[in-house]
1. What are the residue pairs meeting all of these: first residue in region 31-58, first residue on the phi > 0 side of the Ramachandran plot, second residue open to solvent by 50 Å² or more (accessible area, probe 1.4 Å) and not in a helix (DSSP H, G or I), Cβ atoms under 9 Å, and 6 or more apart or on different chains?
2. Please report, ordered by residue number, the strands (runs of 3 or more DSSP E) entirely within region 18-72 with at least 3 residues that are closer than 17 Å to LEU102 by Cβ and modelled with pLDDT of 90 or more.
3. Restricting attention to region 84-137, and to residues there that are touching a residue at least 40 places away in the same chain (Cβ under 8 Å), aliphatic (A, V, I, L, M) and assigned to a strand (DSSP E or B), which single residue is surrounded by the fewest Cβ atoms within 10 Å (Cβ to Cβ)?
4. From VAL123, VAL94, VAL131, VAL88, which residue is more than 14 Å from the chain's Cα centre (by Cα) and at pLDDT 95 or above?
5. Filter region 171-187 for residues that are modelled with pLDDT of 95 or more and loosely packed, with under 15 Cβ neighbours inside 10 Å and give the result.
6. Are there any pairs, at least 6 apart or on different chains, whose C-beta atoms fall under 7 Å, with the first in region 61-72 and open to solvent by 70 Å² or more (accessible area, probe 1.4 Å) and the second in a loop (DSSP other than H, G, I, E, B), and if so, which?
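The values are calculated or read from the model by the stated rules, or taken from the named source; none is laboratory data. Computed from a predicted model, the values in this text were never measured in an experiment. All Cβ positions, even for glycine, are placed from backbone atoms using ideal geometry, and neighbour counts span all protein chains on display. Side chains are part of the model used for accessible areas, which takes the heavy atoms of the whole protein and leaves out ligands, DNA and RNA. Shrake-Rupley method; radii C 1.70, N 1.55, O 1.52, S 1.80 Å.
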Amino acid sequence: DYENDNNSDYHSNNNDDNDNHSNKHGGEKQTDTTTYLPPTTKFNQPIRTFPTHIINNPLYQRTITRTRPFHPPKSGPGETMIGHAARVTSPEHVQWVLARLLFHDKKVAKANHNMFAYRFTEVTDGTKRRVADNDDDGEKGAGAKLAALLEMCKVDDVIVVVSRWFGGIHLGPARFKYIAAVGRDALVEGGFL
């Protein structure tokens, strides 16, 4: 489980104590947000914005499993990868997990990449539909590799996140093998495999 650490790499856009506030342009409701700012732009990580009413709502809370740090062979001294997995069944669960990792784990917040993939079955009005997506977080192709891992392992209702700290030595295409292996370890640790 993660401890509630303060992290200065985010900004809350709360204008009042309510979850919503009126927009001056027509009175429409707008959701307050909390924004994650990556520690550097060097690795092309995107700025991420999360609805405050989701990330602060205990109904969306998930248990996140974490792997031991993995240090790839022939990598730099600081090269580390850690996998995380959690059961998700809605987009709100996905946002809660990502926000929890980025805002409450200082080490994960400072990772060079936090690539992820998720998939779950959503039921709306009695109709089932598969919801799936992935994100490279600046590590081109890594999100797709994690999505392929979920497909190959035939796991559902899960998000897998792999955090990577670059060690100074380029690993080339072998990095995808390591990312997938760490992702698989997270699925095993979380009881999905």
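1. ASN44/LYS140
2. Where strands (runs of 3 or more DSSP E) fall fully within region 18-72 and carry at least 3 residues being closer than 17 Å to LEU102 by Cβ and modelled with pLDDT of 90 or more, they are 33-36, 48-51.
3. VAL131
4. The unique qualifying residue is VAL131.
5. Result: LYS177, single match.
6. Short answer, once both residue conditions are applied: HIS71/GLU79.
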